[in-house]
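K.L.:
One structure, as structure tokens, below. Some questions next.
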Amino acid sequence: MDKETLQQTLEGHFKWFHRHPEPSNGERETTTQIRRILDEAGIEVLDVNLKTGLVARIQGTKNKPETGIERVIALRADIDALPVTEESGLEYASENAGVMHACGHDFHLSALLGAALLLREQREDLPGTVKLLFQPAEEGGGGARQVLASGVLQDVNEIYGLHVAADLPPGLIAVSPGATHAAVGSFKIIILGKGGHGAYPQQSRDPVPVAAQIVNAAQTIVSRNTSPFEHSVLSFTHVEAGNTWNVIPETALLEGTFRAFSDEKLAWIAHRLEQVSRGIAVACEVEIDFSWEMCTSATCNDPALTDFVIETAKARGLETAPSVPGMGGEDFAYYQKTIPGVFWTIGVGSPQGHHHPGFIADPAPLSTAAELLAALAIAGLQRLSCN
Ligand SMILES: [Zn+2]
Ligand SMILES: [Zn+2]
């Protein structure tokens with residue numbers, strides 16, 4: 001398939017998926033449409049225990065190993081959208097009220113469909129197997145963990161995934177070794193005081209100033225306890241107490257998020273936040289209920305495979321640059337815990353950032369993304385089959 005035909009085909013798919021966004025774990029129509037396109041191209045869809053999303057497989061016909069152990073490379077795209085009301089002004093804007101592909105996952109899955117079509121054509125050059133992973137529920141719905149639990153990736157030697165970058169020029173490939181997406185934690189602190197009359201505070205244990213002190217003191221965890229060379233962030237995003245003007249409430253609630261570039265650092269911030277909160281609680285004679293959760297690990301790009309991605313992109317005449325680490329989370333990190341892999345980005349020059357109602361992914365580099373995915377699978381399997 002020539003580049004122009006590929007680009008036209010993928011733009012058609014991309015616009016269809018952009019019109020029909022579905023939220024995490026609700027990607028039913030999306031999955032049906034992906035399956036339809038793969039079926040038409042004669043590409044095998046595996047029987048995997050997933051409610052939404054799917055895994056397809058292309059088995060190469062070149063150099064079957066005598067040992068019978070196939071080399072396997074997985075290519076991953078996420079497929080879910082967000083609860084955002086689109087204001088892009090596009091003629092192919094979302095037709096599903098309150099749901100929008102505002103993170104570009106429609107671009108990812110269309111590019112992966114393109115790679116599937118290319119790899120299907122080039123099966124004779126493929127010394128191994130490619131698994132095409134259309135992952136559900138990346139936006140906080142536990143998609144990667146569902147896929148891992150299904151066991152479908154157990155035989156995979158390497159994994160590659162892509163994300164669009166709103167702020168990079170269309171087609172620029174940005175990738176770096178190590179962590180590029182943060183480990184994400186969420187926390188909840190409930191302050192258990194004693195309510196009473198607003199006029200007689202001495203008879204109560206007011207949780208409101210305790211909450212205020214915790215919010216203030218916690219600002220020093222990142223600014224005073226962490227090296228300026230280590231990136232981390234801590235934000236209180238939900239503060240709640242009381243319901244009227246003359247009653248001291250019984251309890252106060254604080255919620256928020258914190259992020260760092262390693263799971264260990266994330267756990268350390270959680271530990272400090274708990275220490276600070278409990279210390280203030282003791283001083284103010286209240287109890288607290290502290291809990292936190294790791295929502296996503298930090299991504300961790302394999303250094304040697306990152307070089308391989310850069311070389312493969314350059315060999316195709318593509319411009320590459322180091323990627324700028326971001327505090328956003330990405331559940332591709334879960335695959336990288338057991339499978340060496342690389343998460344790379346491609347510029348789509350959006351006027352607005354990710355998750356914004358005015359986010360627009362330029363479809364122009366779709367064929368480039370598809371070709372690079374396919375090239376990584378082919379060159380990766382060639383390299384693996386020589387080892
Ligand atoms: Zn997102
Ligand atoms: Zn995303």
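The values are calculated or read from the model by the stated rules, or taken from the named source; none is laboratory data. Every value quoted in this text rests on a predicted model; they were computed, and no experiment measured them. Backbone-built Cβ (ideal geometry, glycine too); neighbour counts: all protein chains shown. Calculation scope for accessible area: heavy atoms of the full protein, side chains included, ligands and nucleic acids excluded. Shrake-Rupley method; radii C 1.70, N 1.55, O 1.52, S 1.80 Å.
K.L.:
Among the residues of region 95-106, which ones are open to solvent by 30 Å² or more (accessible area, probe 1.4 Å) and within 16 Å of ligand 2 (Cβ to nearest atom)?
P.N.:
The answer is none; no residue qualifies.
K.L.:
Take the residues in region 128-152 that are open to solvent by 10 Å² or more (accessible area, probe 1.4 Å) and outside any helix (DSSP H, G or I), then tell me which one is farthest from ligand 1 (Cβ to nearest atom).
P.N.:
Pass one, region 128-152, residues open to solvent by 10 Å² or more (accessible area, probe 1.4 Å): 131, 138-142, 145-146, 148-152.
Restricting the remaining residues to those that are outside any helix (DSSP H, G or I) gives 131, 138-142, 151-152.
On the way: 131: 23, 138: 7, 139: 5, 140: 9, 141: 11, 142: 15, 151: 26, 152: 23 Å.
Of everything passing the filter in region 128-152, 151 is farthest from ligand 1 (Cβ to nearest atom).
K.L.:
Hey, can you tell me all the residues within region 157-176 that are in a strand (DSSP E or B), closer than 11 Å to residue 346 by Cβ and not small (Gly, Ala, Ser)?
P.N.:
Applying the first criterion (in a strand (DSSP E or B)) to region 157-176 yields 158-165, 173-174.
In the following step, the residues that additionally are closer than 11 Å to residue 346 by Cβ were identified as 162-165, 173-174.
Across region 157-176, the qualifying residues are 162, 163, 164, 173.
K.L.:
Which residue, of 109, 75, is open to solvent by less than 10 Å² (accessible area, probe 1.4 Å), within 13 Å of ligand 2 (Cβ to nearest atom), among the aliphatic types (A, V, I, L, M) and not in a loop (DSSP other than H, G, I, E, B)?
P.N.:
Values: 75 fails: within 13 Å of ligand 2 (Cβ to nearest atom).
Only one candidate passes the filter, namely 109.
K.L.:
In region 147-171, which residues are touching a residue at least 60 places away in the same chain (Cβ under 8 Å) and of a type in the set (S, T, N, Q)?
P.N.:
150, 157
K.L.:
Further, regarding this structure: With in contact (Cβ under 8 Å) with a residue 60 or more places away in the chain, away from ligand 2 (no atom under 16 Å from the Cβ) and within 18 Å of residue 217 (Cβ to Cβ) as the only criterion, which of 292, 268 stands out? Quick ask: steps written out before the conclusion?
P.N.:
Working: 268 fails: in contact (Cβ under 8 Å) with a residue 60 or more places away in the chain.
Exactly one of 292, 268 is in contact (Cβ under 8 Å) with a residue 60 or more places away in the chain, away from ligand 2 (no atom under 16 Å from the Cβ) and within 18 Å of residue 217 (Cβ to Cβ), namely 292.
K.L.:
Test each condition in (1) out of contact with any strand residue (DSSP E or B) (no Cβ under 8 Å at 6 or more places or on another chain); (2) open to solvent by 60 Å² or more (accessible area, probe 1.4 Å); (3) charged (D, E, K, R) for residue 314 and report the one that comes out false.
P.N.:
The single condition residue 314 does not satisfy is (1).
K.L.:
Within region 243-257, is even one residue outside any strand (DSSP E or B) and free of Cβ contacts under 8 Å to residues at least 24 places away in the same chain?
P.N.:
From region 243-257, those outside any strand (DSSP E or B) are 243-246, 249-250; that's our starting set.
Okay, now just the ones that are also free of Cβ contacts under 8 Å to residues at least 24 places away in the same chain, so 243-244.
Yes: one or more hits.
K.L.:
One residue is enough: does region 274-290 have a residue meeting the conditions of a type outside the set (A, V, I, L, M), over 16 Å from residue 161 (Cα atoms) and within 21 Å of the chain's Cα centre (by Cα)? Reasoning before the result, please.
P.N.:
Within region 274-290, the subset of a type outside the set (A, V, I, L, M) is 274-275, 277-279, 284-285, 287, 289-290.
Going one step further and asking which of them are over 16 Å from residue 161 (Cα atoms), we end up with 274-275, 277-279, 284-285, 287, 289-290.
Now narrow it down to the ones that are within 21 Å of the chain's Cα centre (by Cα): none.
Scanning region 274-290, I find no residue that is of a type outside the set (A, V, I, L, M), over 16 Å from residue 161 (Cα atoms) and within 21 Å of the chain's Cα centre (by Cα), so the answer is no.
K.L.:
Output the qualifying pairs, or none if there are none: Cβ atoms under 7 angstrom, residues six or more apart or on different chains, first residue in region 306-328 and part of a loop (DSSP other than H, G, I, E, B), second residue within 16 Å of ligand 1 (Cβ to nearest atom).
P.N.:
Matching pairs, first to second residue: 323/180; 323/345; 325/180; 327/182; 327/259; 328/181; 328/182.
K.L.:
Out of region 313-335, which residues are under 17 Å from residue 176 (Cβ atoms) and more than 16 Å from ligand 2 (Cβ to nearest atom)?
P.N.:
313, 314, 318, 319, 320, 321, 322, listed by residue number.
K.L.:
Regarding residue 90, is this residue within 28 Å of residue 360 (Cα to Cα), assigned to a loop (DSSP other than H, G, I, E, B) and away from ligand 1 (no atom under 16 Å from the Cβ)?
P.N.:
Working: within 28 Å of residue 360 (Cα to Cα): yes; assigned to a loop (DSSP other than H, G, I, E, B): yes; away from ligand 1 (no atom under 16 Å from the Cβ): yes.
Yes, satisfied.
K.L.:
So if I check each of 80, 125, 155, 167, which one is within 16 Å of ligand 2 (Cβ to nearest atom) and open to solvent by 30 Å² or more (accessible area, probe 1.4 Å)? Show your work before the answer.
P.N.:
Working: 80 fails: open to solvent by 30 Å² or more (accessible area, probe 1.4 Å); 125 fails: within 16 Å of ligand 2 (Cβ to nearest atom); 155 fails: within 16 Å of ligand 2 (Cβ to nearest atom).
Sole residue among the options that is within 16 Å of ligand 2 (Cβ to nearest atom) and open to solvent by 30 Å² or more (accessible area, probe 1.4 Å): 167.
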